[in-house]
Every structure is written in C-alpha cells, then in structure tokens.
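Read-outs: derived from the displayed coordinates by stated rules, not from any lab. Quick caveat: nothing in here was measured; it's all calculated off a predicted structure. Glycine gets a Cβ as well: all are built from the backbone with ideal geometry, and neighbour counts include every protein chain shown.
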Amino acid sequence: MSHLIANYLEQLAHELSFDRSLSRRVCEEVEDHLRQSAERHSDGDTIEAERRAIELFGPTKIIAAQFAATSLLKRSRAVGPIVVLIVLGVFAAMKARVAWYAATGWTTSEPARFPDIGVIAYAFDRYAFYLALMTGLCGWVYAFRMQSGALDKTRLQRSFMLSAAAGAALIGSVLADIILTALRLSGVGWSTSHLIPIASVGIEVALVGALIARIHAVTSLVATATLRFDL
Amino acid sequence: MIVLAALEAAPAHGYAIIEEIRRRSGGAFDLPEGTVYPVLHRLETSQLLSSHWEKSPIGRRRRVYALTKHGSASLAARRTSWVQFSSAIEALLTEPKLCRT
C-alpha cells in the first residue's frame, strides 16, 4: 500500500488544523472515501489507483477553505449565546451579593464611605450592565441572522464588534462592582463573612475572564482561517 | 438541492451520494468529489441533514447522512420553485409559432 492517501490526509489535517474536531471527523470521512475510490479504480496498480482517487477528490486547500467558511460561521454564531449567558451569570452573582447584604443587615444603598464615588460607581454599574445585556442580545440576533454559505466578512466583523462592545461594557460593570464592594467592606473591620461578597466579585471577574478568552479565541481562529484561505 | 434529492430515497454516505448524483444526472453532474463533503457539512449545520457513524462491511467507519424533516420540506419547496422556474424558461425558449393572416 502506498503512502499517497496518508500524505494527502496529513496535508488536509494541516489545512483544517484551525478546528481540531472538524479536522478529525473530516479526515476519517475522507479516508473512507479515498479508499473506496481507490478500490474502484484499482486494476492492480495501487499507486495509480490512489493517485486517481486523490485527483478526483481535489486539492486539500480548496476543500479546507469550503469547510472553513461553515466552521467559522458556526463558531461565530456560538459567541452570541455565550456572551448573554455570561452577562446573566454576572447578574446572578450581583443579585446574590445584594441579597447577602440584605440578609446580614448591611445597607443595600450606596456605601457609607466616599458616598459620591459610591453614587457614581452605582450608576455606572447599572448602565454598563444594561449596555452589556443589550449589545450582547443584539450580537446574538445579528450573528444568528447571518446566512450559511459564503462567509460575509463585514457581517462577521460587525457581529464581533457587538460581542466585544458587550464584553467591554461588562468589564466596566464588574470594575464598578469591585469599587462598590471595596468601599462597602473598607468601612468595617475585617470579618470572615467578607469572604462571601469577595467570592461573588471573584466569580464576576472569572466570568468576564472566560468571556474575554472566548472572544479572543474565536477572533484569532477567524483571523488565522481568513488569512490562510483568503476568505 | 442536488444533494438533498440524492438523499431522498435513502440515507447514504458521501461516496454513495456522489455516485447517485452521477448516475441520476446521466454523468452531467460529474462534480469534483471533495466539494460534496463541505456541502454535506453545511446542510447538516443548517439542520437539513442529520448524520451518524456506521461500520462499513469491511470494518471502516463511515459517516451516513439522512434527510431531516426540515430537509424534506426544504427539498419539496425547492423542487416546486425549480419546476416553476424551468417551466417559465422553457416557455420563453420555445420558438413562437408564426401567425399568418
């Protein structure tokens, strides 16, 4: 048995390396196709049969580029719901902290120390959060409405801009939460019960970190694939 | 529409779909074989097709595709549009009978 098919599959896997699960699936499927095709064209000359099967199948770069368009669209569409879920996760953490303040008898209005900063941070927190939610929802709807088929780079960029705007607004909201929590906790002596609001802020920071990592991973993937395949 | 029509009769794997397209079109659609797989993937992403792995008679794993309900409805709609379109083109291309007065 020659190595023509194995070499071809290796090349295809390299072209599809921007999406490893897709690469594994496609290579397995294509291998079955090429082996069947080679068996059909075989008249004793294995090398010639494999060469013919590969020729009929087409160049790896063209095939990978066609897969890339669908894969990128699918991944870009998935960012929208992730943004909205993370925004809702931050909201849940915020609400849990406020409920804890209420349950333990802490004032739930602006912090006692530096009241002006508290008022500004509270207003900023609220509007930044609403902005994150609205832009996140818009990004989701916009990405969902993108047509399958040829990749529309302009629409894809707009979709990422909306997700990035939602992410930026959420960072602002979480920073305001950090300031508010710090002001609230700095006014009283240290207690182990402070770990609860600190942990809830920690969850918000972790969620925002996950969102940034996700957006960065998808945009890097899109940039790599569009450059490689000139999409 | 070509791929959906090829899967109308029964689920099939990629190679069999290409053979079916070639057979039913009398060789007119002799597509570059590799281009069919991205199309299958796109149709599956659009939920017009579903797929699963099966073992071939010689033990190789192969992906088998089937039309979903949504895919069957889409094929029926595309077929209706195509029949209307091709009838209109045929009517246009038919040589008009000369009227002699």
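Quick notes on this structure:
- Partners for B:Lys69 among lysines (Cα-Cα distance below 27 Å; same-chain residues under 8 apart left out): A:Lys74, B:Lys55
- The range B:39-56 and the range A:35-95 have Cα centres spaced 12 Å apart.
- Which of B:Met1, A:Met134 has the fewest Cβ neighbours within 10 Å, and the rest in rising order: B:Met1, A:Met134
- Tilt relative to chain A, helix A:153-186 - C-alpha long axis, 0 to 90 degrees, to 10: 30
- Neighbour counts of C-beta atoms inside 10 Å place A:Trp100, A:Trp190, B:Trp82 in the sequence A:Trp190, B:Trp82, A:Trp100, starting with the fewest.
- A straight Cα-to-Cα reach below 15 Å connects A:Lys153 with the aspartates and glutamates A:Asp230, residues fewer than 8 places away in its own chain not being considered.
- Per residue of B:38-46, other chain Cβ atoms within 10 Å of the residue Cβ number 5 on average.
- Extended-chain gain in nm, criterion 0.36 nm per residue less alpha-carbon gap, A:Ile212 and A:Ser21: 66.5 nm
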